[in-house]
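Reading through the structure tokens given below for one structure.
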Amino acid sequence: RQDAAYRDSVLPPDVLARVSVEAGVSLGWERWVGDHGAMIGVDHFGASAPGGTVLREFGITAERVADVARRVVRAGFHGRVPTPPVPGHATAAG
């Protein structure tokens with residue numbers, strides 16, 4: 001509900017290299033990262049473990065976010081970032 005000037009100050013329209021990080025599904029973040037950004041999230045459910053373990057196993061770490069951000073800026077990487085495979089855990093793809 002913020003006005004356009006405020007929204008543009010938070011997400012400048014001329015900054016196209018964006019990365020979203022969501023501990024839940026990445027659905028909906030396309031609106032904010034645009035066609036040139038990347039989305040890190042967990043697009044499946046069913047994991048049970050302490051939060052830090054789940055985040056690490058599903059690739060939501062500072063190191064991975066930084067790596068994805070570098071790829072977005074340097075190599076034009078964009079789109080949904082696949083969740084790393086976790087042994088014994090089914091994903092939407094498997």
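The values are calculated or read from the model by the stated rules, or taken from the named source; none is laboratory data. None of these values were measured; they are calculated from a predicted model. Ideal geometry is used to build each Cβ from the backbone, glycine not excepted, and the neighbour counts take in all protein chains shown. With ligands, DNA and RNA removed, areas are computed over all heavy atoms of the protein, side chains included. Shrake-Rupley method; radii C 1.70, N 1.55, O 1.52, S 1.80 Å.
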Q. How much accessible area does GLU57 have with a 1.4 Å probe, in Å² rounded to the nearest 10?
A. 80 Å²
Q. How would HIS78, HIS44 rank on accessible area, largest to smallest, probe 1.4 Å?
A. HIS78, HIS44
**Q.** Simple spin-label estimate for ARG74 and ALA62 in nanometres, 7 Å along Cα-Cβ
**A.** 1.9 nm
Q) What number, in percent, do you get for the relative contact order of the chain if the mean sequence gap of Cα pairs under 8 Å and at least 6 apart is divided by its residue count? A) 29 percent
**Q.** Accessible-area composition of the chain, carbon plus sulfur, in percent [1.4 Å probe]
**A.** 58 percent
Q) Of ARG56, ARG1, ARG7, ARG71, which has the most accessible area with a 1.4 Å probe, and how do the rest follow in descending order? A) ARG1, ARG56, ARG7, ARG71
Q) For LEU27, what accessible area in Å² do you get when you roll a 1.4 Å probe over the heavy atoms of the protein chains, rounding to the nearest 10? A) 130 Å²
Q. What angle do you read, to the nearest 10 degrees and between 0 and 90, between the alpha-carbon axis of helix 62-75 and the longest principal axis of the chain?
A. 50 degrees
